[in-house]
1. Condition check: surrounded by fewer than 19 Cβ atoms within 10 Å (Cβ to Cβ), at pLDDT 95 or above, closer than 30 Å to Gly287 by Cα and not acidic (Asp, Glu). Does Pro5 satisfy that?
2. Determine whether Glu337 is over 18 Å from the mean Cα position of the chain (by Cα), at pLDDT below 95 and either of a type in the set (Asp, Glu) or on the phi > 0 side of the Ramachandran plot (or both).
3. Say we look at the stretch 31-44 and pick out the residues that are assigned to a loop (DSSP other than H, G, I, E, B) and not charged (D, E, K, R); which of these is farthest from ligand 2 (Cβ to nearest atom)?
4. Please enumerate the residues belonging to the stretch 365-391 that are over 45 Å from the mean Cα position of the chain (by Cα) and not in a helix (DSSP H, G or I).
5. Of the conditions (1) more than 16 Å from ligand 2 (Cβ to nearest atom); (2) of a type outside the set (Asp, Glu); (3) free of Cβ contacts under 8 Å to residues at least 40 places away in the same chain; (4) touching an Asp or Glu at 6+ places or on another chain (Cβ under 7 Å), Leu106 satisfies every one except a single condition; which number is it?
6. Suppose we keep only residues that are among the charged types (D, E, K, R) and more than 16 Å from ligand 2 (Cβ to nearest atom) within the stretch 56-87. Which one would you say is surrounded by the fewest Cβ atoms within 10 Å (Cβ to Cβ)?
7. Would you confirm, using the coordinates I've provided, whether Val304 is farther than 29 Å from Lys9 by Cα, buried (at least 19 other Cβ atoms within 10 Å of the Cβ) and either touching a helix residue (DSSP H, G or I) at 6+ places or on another chain (Cβ under 7 Å) or not hydroxyl-bearing (Ser, Thr, Tyr) (or both)?
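The values are calculated or read from the model by the stated rules, or taken from the named source; none is laboratory data. Please read these numbers as outputs of a predicted model, since none were measured by experiment. Cβ sites come from the backbone with ideal geometry, for glycine too, and all protein chains shown count toward neighbours.
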Amino acid sequence: MINVPKGTKDILPQDSFKWQFVEQKARETAKLFGASEIRTPTFEHTEVFLRGVGETTDIVNKEMYTFLDKGGRSITLKPEGTAGIARAFVENGLSNSALPAKFFYLTPCFRYERPQAGRLREFHQFGVEFLGSHSADIDAETILLAKTFLDKVGIKGVTLYINSIGCKVCRKNYEDALKKYLLDNYDNLCPLCRDRLEKNPLRILDCKNDECKKITDGAPKIIDYICDDCSNHLDKVKTYLDIAGVEYKINPNIVRGLDYYTRTVFEFVSENIGAQGTVCGGGRYDGLIAQLGGTDTPGIGFAVGIERILLLLENTGVQIENTNKVKVYFAPMGEKESEKAFELVNELRANGISADFDHMGRGIKSQFKYADKIGAEFVAVIGSNELSLGEVKVKKMIDGSENTVKFTDFCDFIKKA
Ligand code: ATP
Ligand code: MG
């Protein structure tokens, strides 16, 4: 037997309807906010992620699926959605289109990580990117979109943390102060963070190591270092969130430690799915488009992990209804009966009603068993008696009630049922 690769999963029919539900809510929410779908390739030139995610990140350093194709080009499976969209925005000259450009996407992502609950090697994201506006109201909109989506799928008990990581100018002052503080605690940092200290000190605030956490708890807070412009921007984001009635907490340890990430950063975190508690992460990236060779264009976005959403729904006992079930299942008791069933099945389907009939030549008892298994709402029996009388004996599975209905009236009967 051949198994799926480690860190990947089959999504079987018993679960795929849950995915469809979450994806449907994602599309619905995006539409409410005026965002349109964008689909970019599953793989890109590796360069897109080196520049668009950043060479000092965990993703680029450790997690990418990179290979040479048969033409000798370095190709990478997308580890996240933003960089490819930024590439597409530049390549298609979209900065000349009506701004802001409001995109959403649903995509598989690939990261070579240690698989565990809520952490896979192939996983899926719903995300949005709003490009073209510096205004704080669009930051609040982005956050509100994420919140609306979480509410619509039925997620409860998540906390919204927001922070500002300042701009190019004020972040420099902060980084100097942070580095100085961390150098004094150098010996207690994990090896990875010692390495980060020169390249990307902000990431240390994000380290999951307990010792590092203890140190960063006492570190200078970026919010005390940001300039007046950045501080006003954050205040406006807060004002808009207040107007929308969205609750949040300021958390100085939320960072996106890349040069082109600016100002607003945020996460939605749950206590209900263990260590992998972040279901949504996002922020402003005013430098990204320029970094990929485009006209300087501000942007903000977020990504939600679909697997973590489903895990959270399961852990909090939220039931999702399977709307893919067959409405009417026909149980014919012979060859001629089967032909009649087939005719009625076709009539129902032509009227937009899902229907199916026995393909296995099973006896009546096991036909009912099967109908029950697939969750059919009605079972329509056609035996030789029914056939000669031109009628169907139909049973409503939920309450066991039975009716006898003429073939010619059957479709109408089901429509009204
Ligand atoms: P983490 O700190 O958990 O590794 P991250 O900062 O790497 O998360 P992002 O790059 O911000 O995550 O991705 C956005 C969202 O995608 C995360 O909040 C999470 O819900 C989801 N996600 C990230 N990596 C994985 C993974 N390997 N498996 C499943 N979901 C993931
Ligand atoms: Mg990660």
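1. On the way: surrounded by fewer than 19 Cβ atoms within 10 Å (Cβ to Cβ): yes; at pLDDT 95 or above: yes; closer than 30 Å to Gly287 by Cα: no; not acidic (Asp, Glu): yes.
No: the conditions fail for Pro5.
2. On the way: over 18 Å from the mean Cα position of the chain (by Cα): yes; at pLDDT below 95: no; either of a type in the set (Asp, Glu) or on the phi > 0 side of the Ramachandran plot (or both): yes.
No; evaluated as a whole, the condition is false for this residue.
3. Kept after step one, since they are assigned to a loop (DSSP other than H, G, I, E, B), are these residues of the stretch 31-44: 33-35, 38-42.
Still in the list and also not charged (D, E, K, R): 33-35, 38, 40-42.
On the way: Phe33: 26, Gly34: 30, Ala35: 25, Ile38: 23, Thr40: 20, Pro41: 22, Thr42: 19 Å.
Step by step, filter the stretch 31-44, then rank; the result is Gly34.
4. We begin by selecting, within the stretch 365-391, every residue over 45 Å from the mean Cα position of the chain (by Cα); these are 382-391.
Once the filter is applied, which keeps residues that are over 45 Å from the mean Cα position of the chain (by Cα) and not in a helix (DSSP H, G or I), the stretch 365-391 yields Ile382, Gly383, Gly390, Glu391.
5. It is condition (3) that Leu106 fails.
6. Initial filter on the stretch 56-87 (among the charged types (D, E, K, R)): 58, 62-63, 69-70, 73, 78, 80, 87.
Cutting the leftovers down to more than 16 Å from ligand 2 (Cβ to nearest atom) gives us 69-70, 73, 87.
Working: Asp69: 9, Lys70: 5, Arg73: 11, Arg87: 23.
Of everything passing the filter in the stretch 56-87, Lys70 is surrounded by the fewest Cβ atoms within 10 Å (Cβ to Cβ).
7. Values: farther than 29 Å from Lys9 by Cα: no; buried (at least 19 other Cβ atoms within 10 Å of the Cβ): yes; either touching a helix residue (DSSP H, G or I) at 6+ places or on another chain (Cβ under 7 Å) or not hydroxyl-bearing (Ser, Thr, Tyr) (or both): yes.
Against the criterion (farther than 29 Å from Lys9 by Cα, buried (at least 19 other Cβ atoms within 10 Å of the Cβ) and either touching a helix residue (DSSP H, G or I) at 6+ places or on another chain (Cβ under 7 Å) or not hydroxyl-bearing (Ser, Thr, Tyr) (or both)), Val304 does not qualify.
Yes or no, residue by residue, for (1) free of Cβ contacts under 8 Å to residues at least 60 places away in the same chain; (2) within 16 Å of ligand 2 (Cβ to nearest atom); (3) closer than 21 Å to Thr57 by Cα; (4) hydroxyl-bearing (Ser, Thr, Tyr):
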{"residue": "Asn173", "(1), (2), (3), (4)": "yes, no, no, no"}
{"residue": "Lys199", "(1), (2), (3), (4)": "no, no, yes, no"}
{"residue": "Thr216", "(1), (2), (3), (4)": "yes, no, yes, yes"}
{"residue": "Ala244", "(1), (2), (3), (4)": "no, no, no, no"}
{"residue": "Tyr248", "(1), (2), (3), (4)": "no, no, no, yes"}
